[in-house]
Amino acid sequence: MVEAVVRARGPYSLRLTTGTGSWSTRLPEGRSASAHQLSDGRIVMQASCERAVDEARFVLALDDDTTEFHRLHARDPLIGPTVQRLRGMRTRRKATVTHAAIRAISGQLIQASRALEIERSIIRACGDPPTHSALAALSPARLTATGLTASRAATLSRLARTIDLERLPGRDDALARLGRERGVGPWTVGVIALQGLGRYDAGLVDDLGLVKLLASLTRRWPEPGETAELLAPYAEWQGLASVFLLQGFKRGLVPGASADRARLVRATARDAA
């Protein structure tokens, strides 16, 4: 067992990033790591080996300096209050790009609770954390048995069999390559970018939470793709901005937006259809 005491680059909160003050995870090839944050901001990590420390640093996004994001957007009229209240929050990543791809495909256009059930079923079939080779070994029929629709099972199987997912982080064309796959839209690319590649430049376009947020602000149900305009001002920080907007909307921190109004707008749109 290896212990390391590290300091994140820029403002960082383990509790806001992971949802807990004491975090632990499984890593590839049987490695593992855990962490907690001291009152002075330092992160104390216990890991099975030095490689696991490096992997945990990535999963926790400790080396991503988000100071510029906070500087640019702390006074933004839409996201500013959330940026100030949730200072130090980052995106907790998956231990493998494969896991991020599973989460992205599982979560397409269904309720979050059902998506999580399907994700866990796939992981039971190919191991925790899931590896590229283990996922590629599952047939579309086997993936369908986990709860995926046939089309999404085919998409996930094709991703695993035609792209070396774990090498995507080193590719300049990673997002474009993912986006060329049938069944992979901007939201799916955004999830894989945030949780698998460690990138903040792809927003969660058409995320249902962002659709509801925009509906609440505009008092009409948005057209597909319209949330891209909501995220465009955040440029290379669109992915992280997506996370802050979603959390801010959930906590009532986005000025002029409310979940109750979003529900009313949605009901009105359904009645008019």
Taking segment 235-252 only, how many residues are in a helix (DSSP H, G or I) and open to solvent by 10 Å² or more (accessible area, probe 1.4 Å)?
9
For T268, are the conditions met, namely being out of contact with any Phe, Trp or Tyr (no Cβ under 7 Å at 6 or more places or on another chain), open to solvent by 50 Å² or more (accessible area, probe 1.4 Å) and at pLDDT below 95?
yes
Right, P255: outside any helix (DSSP H, G or I) and open to solvent by 50 Å² or more (accessible area, probe 1.4 Å) or not?
yes
Turns out the helices (runs of 4 or more DSSP H) fully within segment 130-216 with at least 2 residues that are open to solvent by less than 10 Å² (accessible area, probe 1.4 Å) and closer than 28 Å to F244 by Cβ are 174-179, 186-192
Subset of segment 100-125, residues open to solvent by less than 30 Å² (accessible area, probe 1.4 Å), outside any helix (DSSP H, G or I) and among the hydrophobic types (A, V, I, L, M, F, W, C), comes to none
Is one or more of the residues making up segment 73-82 out of contact with any His (no Cβ under 6 Å at 6 or more places or on another chain), farther than 30 Å from A257 by Cα and assigned to a helix (DSSP H, G or I)?
no
Those residues that are of a type in the set (S, T, N, Q) and surrounded by 16 or more Cβ atoms within 10 Å (Cβ to Cβ), I need them from segment 64-92; list them, please.
T66, T82, T91
Residue ID - surrounded by the fewest Cβ atoms within 10 Å (Cβ to Cβ), chosen from residues in segment 1-32 that are assigned to a loop (DSSP other than H, G, I, E, B) and out of contact with any strand residue (DSSP E or B) (no Cβ under 8 Å at 6 or more places or on another chain):
G19
Set V53, V44: member being surrounded by 18 or more Cβ atoms within 10 Å (Cβ to Cβ), more than 13 Å from the chain's Cα centre (by Cα) and farther than 30 Å from R152 by Cα:
V53
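The values are calculated or read from the model by the stated rules, or taken from the named source; none is laboratory data. Note that the structure is predicted; figures quoted are calculated from it, not measured. Note: ideal-geometry Cβ built from the backbone for every residue, glycine included; neighbour counts use all protein chains shown. Please note that ligands, DNA and RNA were not included when accessible areas were found on the heavy atoms of the full protein model with its side chains. Shrake-Rupley method; radii C 1.70, N 1.55, O 1.52, S 1.80 Å.
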